[in-house]
């Protein structure tokens, strides 16, 4: 938790409208104001560039000069950035871009108080769902035994699952996190690769490592891997096991066959959760019909213990351009 949160800063913000299409955003705490404005006003300059408006930092306030509609958008964006700074102690460039996005205004700003219950607090950062489906996904990760999610890259499927699993591990609600994925898309044929088994499969598991390192210090992650609290392995290594007191994630499940997904799901044991994540639009199997992701959704979606979440381009949070790319390809496929 950041020092800002411990300090209990005054989070109140006042909005004063003027007749000349200007809006003043008045802060009661200078630390919060400086966090929103950014060093050398860099955050304000980015907001100006995105919205093509004029923003000024004056004393304990920010002055917005634009048309009424844009003023409201920037007002909501500043409120969101203030909340982001309070929760995380910092504001990244992607937060500034997201703060302007329409779904962020509807779902994140106006419902910010409702979103508090979905915050995932990890040692390095607080993770906040950024769309209604992401909130549903986090709720499912906490409440359901098995979660199956499908959708395009950048929707947070893996990152949110790893974040929830890590918090459960650190809170000793489980004993182990297991991260798995099909090691090689075309049947997991690893023999031709150089090195031992770990060296063969590590390149395919790198996204899982990256999510872990983003949430907990590198040395602590390595220690937990060494002692077995975190296990990263290809799906072939799961056969014949029973997973107890575990949080198991199968990533890139669109490249797992129906038989492999069934095998992984049936590993579930006492006090365990299993998460199946994948992007049906990126199947790399030689025969795309062999993918078991969509079939698992159809077969198991009616069971009350299993949650199925379908993401789309509007849930992309990695970079706003990705959402446009995903939508463009999706539209083309429907032509």
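The values are calculated or read from the model by the stated rules, or taken from the named source; none is laboratory data. Keep in mind that this is a model prediction, so the values were computed, not measured. Counting neighbours? That spans all protein chains shown, and the Cβs are built from the backbone with ideal geometry, glycine included.
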Report task. Would you mind finding the one in 39, 46, 92, 19 that is at negative phi, out of contact with any helix residue (DSSP H, G or I) (no Cβ under 9 Å at 6 or more places or on another chain) and modelled with pLDDT of 85 or more? Result -> 39
Report summary line: Every listed condition ((1) modelled with pLDDT under 95; (2) assigned to a loop (DSSP other than H, G, I, E, B); (3) surrounded by fewer than 23 Cβ atoms within 10 Å (Cβ to Cβ)) holds for residue 173 save (1)
**Report entry** Single match in 274, 309 (criterion: assigned to a strand (DSSP E or B) and either under 15 Å from the mean Cα position of the chain (by Cα) or modelled with pLDDT under 95 (or both))
**Finding:** 309
Query - Test result for residue 301, within 27 Å of residue 173 (Cβ to Cβ) and exposed (fewer than 14 other Cβ atoms within 10 Å of the Cβ) - result: yes
Query raised in the report: Which of the residues belonging to region 55-82 are part of a helix (DSSP H, G or I) and farther than 18 Å from residue 97 by Cα?
Result: 68
**Report entry** Cross-chain or 6+ apart pairs with Cβ under 9 Å, region 203-217 first and touching a residue at least 60 places away in the same chain (Cβ under 8 Å), then crowded, with 19+ Cβ neighbours inside 10 Å and not in a helix (DSSP H, G or I)
**Finding:** 215/120; 215/127
Report summary line: Of the residues in region 221-237, those that are in a helix (DSSP H, G or I) and in contact (Cβ under 8 Å) with a residue 60 or more places away in the chain number 0
Query raised in the report: Quick one: would you say residue 220 is more than 22 Å from the chain's Cα centre (by Cα) and in the same structural domain as residue 306 (by TED's automatic domain parsing)?
Result: no
Query raised in the report: Consider residue 181 against the criteria (1) more than 16 Å from residue 264 (Cβ to Cβ); (2) surrounded by 14 or more Cβ atoms within 10 Å (Cβ to Cβ); (3) modelled with pLDDT under 95: it satisfies all of them except one. Which criterion is unmet?
Result: (1)
**Report entry** Unique match (being within 16 Å of the chain's Cα centre (by Cα) and modelled with pLDDT of 90 or more) among 137, 118
**Finding:** 137
